Amino acid sequence: MTTITTIGVPGSGHDFQVGDRTDVPGIDDLAEHYRHLIDGPYIASLATLGSNNRVQLSPMWFQADPDRIHVRINTKVGRAKDKHMQASPNVSIQIIDHENFYHWITIYGTIVERVPETDPERGYLATQSIDELAQLYLGQCPYPMRSDQHERRVLYRILPTQIVTFGQPD
């Protein structure tokens, strides 16, 4: 179950005040204009906690998991964010509407699964994920930007624990 927290928008009489809190089973229970941000393509900022207790922000491609409960991200194995998420499963993702910066959502969540391409049984899911993201964000499949033929990707599934919403599209 995910808690959705709505913040009052400027001019609403409840400017920047926490409004309704609702528990929902998944992403599809969000209002359509928030699902639009999740279904993208919008660049998300992923926040992870590094070993030095410093928050790292990374611009990321992301997508809703087919189950419409989790969200997914994909990165290169060995990057700092990969190491951070292995060490600490708590992450935040913020998606801002590039046409209206006062329309955004923040997803607070927990990593529930890490699937590297090298996994003999499920590794194909990481490859499939990066190819789907490349199709969504670049209109190309397969993913064309591997740094070399030995680059390995990893899929992370994140369970939202809270989603904070703000504003509406213009």
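Which of the following residues is acidic (D, E), touching a Ser or Thr at 6+ places or on another chain (Cβ under 8 Å) and modelled with pLDDT under 65: D15, D20? Walk me through how you get there before you give the answer.
Values: D15 fails: touching a Ser or Thr at 6+ places or on another chain (Cβ under 8 Å).
Exactly one residue qualifies, and that residue is D20.
Go over the candidates T161, T127, T165 one by one and state the one that is open to solvent by less than 40 Å² (accessible area, probe 1.4 Å) and β-branched (V, I, T).
That would be T165, the only listed residue that is open to solvent by less than 40 Å² (accessible area, probe 1.4 Å) and β-branched (V, I, T).
Going by what's in this entry, would D28 be described as at pLDDT 80 or above, surrounded by fewer than 16 Cβ atoms within 10 Å (Cβ to Cβ), in contact with a helix residue (DSSP H, G or I) (Cβ under 8 Å, 6 or more places away or on another chain) and not in a strand (DSSP E or B)?
Spelling it out, D28 is indeed at pLDDT 80 or above, surrounded by fewer than 16 Cβ atoms within 10 Å (Cβ to Cβ), in contact with a helix residue (DSSP H, G or I) (Cβ under 8 Å, 6 or more places away or on another chain) and not in a strand (DSSP E or B).
Which of the numbered conditions does G50 fail, given that it passes all the others? Conditions: (1) free of Cβ contacts under 8 Å to residues at least 40 places away in the same chain; (2) touching a Gly at 6+ places or on another chain (Cβ under 7 Å).
Only one criterion is unmet by G50, namely (2).
Do any residues in region 62-86 that are closer than 19 Å to A134 by Cβ and open to solvent by 40 Å² or more (accessible area, probe 1.4 Å) have Cβ atoms under 9 Å from those of residues that are small (G, A, S) and part of a loop (DSSP other than H, G, I, E, B), where the two are at least six apart or on different chains, and which pairs are they?
What qualifies is K76/S147.
Out of all the residues in region 31-61, which are open to solvent by 60 Å² or more (accessible area, probe 1.4 Å) and either under 19 Å from T110 (Cβ atoms) or part of a loop (DSSP other than H, G, I, E, B) (or both)?
P41, I43, L49, S51, N52, N53, R54, V55, L57
Residues of region 131-170 being hydroxyl-bearing (S, T, Y) and not in a strand (DSSP E or B), which ones?
Within region 131-170, Y137, Y143, S147 meet the criteria.
Name every residue in region 101-123 that is surrounded by 13 or more Cβ atoms within 10 Å (Cβ to Cβ) and touching a Gly at 6+ places or on another chain (Cβ under 9 Å), in order of residue number.
Residues satisfying the conditions are Y102, H103, W104, V115, P116, E117.
The values are calculated or read from the model by the stated rules, or taken from the named source; none is laboratory data. None of these values were measured; they are calculated from a predicted model. Positions of Cβ are generated from backbone atoms using ideal geometry, with glycine treated the same way; all protein chains shown enter the neighbour counts. SASA here: full protein model, heavy atoms, side chains in, ligands and nucleic acids out. Shrake-Rupley method; radii C 1.70, N 1.55, O 1.52, S 1.80 Å.
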